[in-house]
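Visitor: Quick one: the structure is below, questions incoming.
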Amino acid sequence: MRAYWLLSMVLLGACHHGAPVASKVDPESDPKQFLADARAAFRRGSFARALVGFRRLQFELGPGDTLLAEARYYAAECSFQTGDLTTAALAFQKVAEDFPTSEFAALALLRDGDAFPTSEFAALALLRDGDANMRLWRRPDVDASSGQTALATYQELLGRYPGTDAAARAQVRIRQLNEWFAEKGYKTGMFYVRRRAFDSAIIYFKDIIATYPDTRLVPDALLRLVDTYRAIGYVEERKEACANLRRYYPQTAGLDSRCPAETSAGAP
């Protein structure tokens, strides 16, 4: 019996003191693994899959984790890439508001893998917020409220983050928006010309010249002013528009026929 008891104790001891099983980090609950998987999906262009990863990562991170700004930014970017522009615009705006000075490791997700300075993530979020609204506008001849929102966002970006790469890109977007605004105004002016509502047409053509002076349609707007002034007998105003054309846009097609050389001070 004593031998049996000793054997039992040895076996129990062996079971109790067996080699411990090494603890492993479950990759399914590791935020860094979430991030790596989501980044890889993003680089492949699998934006729907990446979106799931970045959203899940937000629930795994604490409120003070430096990865949170990145996760939220790229979740917004995935929404943008999948065409959910309204969600993207709101999400980009929230990133800019919640992480205005976020600093964390540089990412190689833009420009063919070049690292992007993460101190600009808030600026980049504003840029993409504007991009989402700009894309919602789509055509100059439809309601421009989304375009106005995009313009305001880009201007906010220039004011808050001057000198950043995102600000430089915003300036390019603003120039494009101004072209669209000018085009919209020009088409509206022509609408009134066709209905012989010349006074209303003049308002739109003059607004293009004053508000969007660097756009391609300014010479055409001046030509249309010449035409409308002639139609309603505004001699001095027509002469002024012709003088501006000759001074600033002397190569404009149709200038000589619209603004022939004056033979006398009172020539119509």
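Visitor: Only one of (1) in a loop (DSSP other than H, G, I, E, B); (2) without any contact (Cβ under 8 Å) to a residue 12 or more places away in the chain fails for Asp214. Which number is that?
Guide: With (1) in a loop (DSSP other than H, G, I, E, B); (2) without any contact (Cβ under 8 Å) to a residue 12 or more places away in the chain applied to Asp214, the lone miss is (2).
Visitor: Go through (1) in contact with a helix residue (DSSP H, G or I) (Cβ under 9 Å, 6 or more places away or on another chain); (2) closer than 30 Å to Ala125 by Cβ; (3) surrounded by 12 or more Cβ atoms within 10 Å (Cβ to Cβ); (4) not hydroxyl-bearing (Ser, Thr, Tyr) and name the single condition Asp214 misses.
Guide: Result: Asp214 passes all but (3).
Visitor: What pairs come up if the first residue lies in the range 242-259 and is within 13 Å of Arg224 (Cβ to Cβ), the second is assigned to a loop (DSSP other than H, G, I, E, B) and hydroxyl-bearing (Ser, Thr, Tyr), and their beta carbons are under 6 Å apart, counting only those six or more places apart or on different chains?
Guide: Note: pairs meeting the criteria are Leu245/Thr252.
Visitor: Sticking with this one: Of these, Ala243, Ala221, Ala253, which one is under 25 Å from Pro140 (Cβ atoms) and either among the acidic types (Asp, Glu) or open to solvent by 50 Å² or more (accessible area, probe 1.4 Å) (or both)?
Guide: Ala253
For (1) in contact with a Phe, Trp or Tyr (Cβ under 6 Å, 6 or more places away or on another chain); (2) assigned to a helix (DSSP H, G or I); (3) surrounded by 15 or more Cβ atoms within 10 Å (Cβ to Cβ), each residue gets a yes or a no:
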site	(1), (2), (3)
Asp37	no, yes, yes
Ala50	yes, yes, yes
Phe54	yes, yes, yes
Gln58	no, yes, yes
Pro63	no, no, no
Ala88	yes, yes, yes
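Yes/no matrix, rows are residues, columns are (1) buried (at least 18 other Cβ atoms within 10 Å of the Cβ); (2) in a helix (DSSP H, G or I); (3) more than 16 Å from the chain's Cα centre (by Cα); (4) of a type in the set (Lys, Arg):
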| site | (1), (2), (3), (4) |
| --- | --- |
| Asn133 | yes, yes, no, no |
| Asp141 | no, no, yes, no |
| Ser146 | yes, yes, no, no |
| Tyr154 | yes, yes, no, no |
| Leu157 | yes, yes, no, no |
| Ala168 | no, yes, no, no |
| Gln171 | no, yes, no, no |
| Ala182 | yes, yes, yes, no |
| Tyr186 | yes, yes, yes, no |
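Visitor: Pick out the one residue from Lys206, Lys239 that is free of Cβ contacts under 8 Å to residues at least 24 places away in the same chain and over 25 Å from Ala144 (Cα atoms).
Guide: The unique qualifying residue is Lys239.
The values are calculated or read from the model by the stated rules, or taken from the named source; none is laboratory data. Note that the structure is predicted; figures quoted are calculated from it, not measured. Heads up, the Cβs are rebuilt from the backbone with ideal geometry, glycines too, and the neighbour counts pull from every protein chain shown. Ligands, DNA and RNA are excluded from the accessible area calculation, which covers all protein heavy atoms including side chains. Shrake-Rupley method; radii C 1.70, N 1.55, O 1.52, S 1.80 Å.
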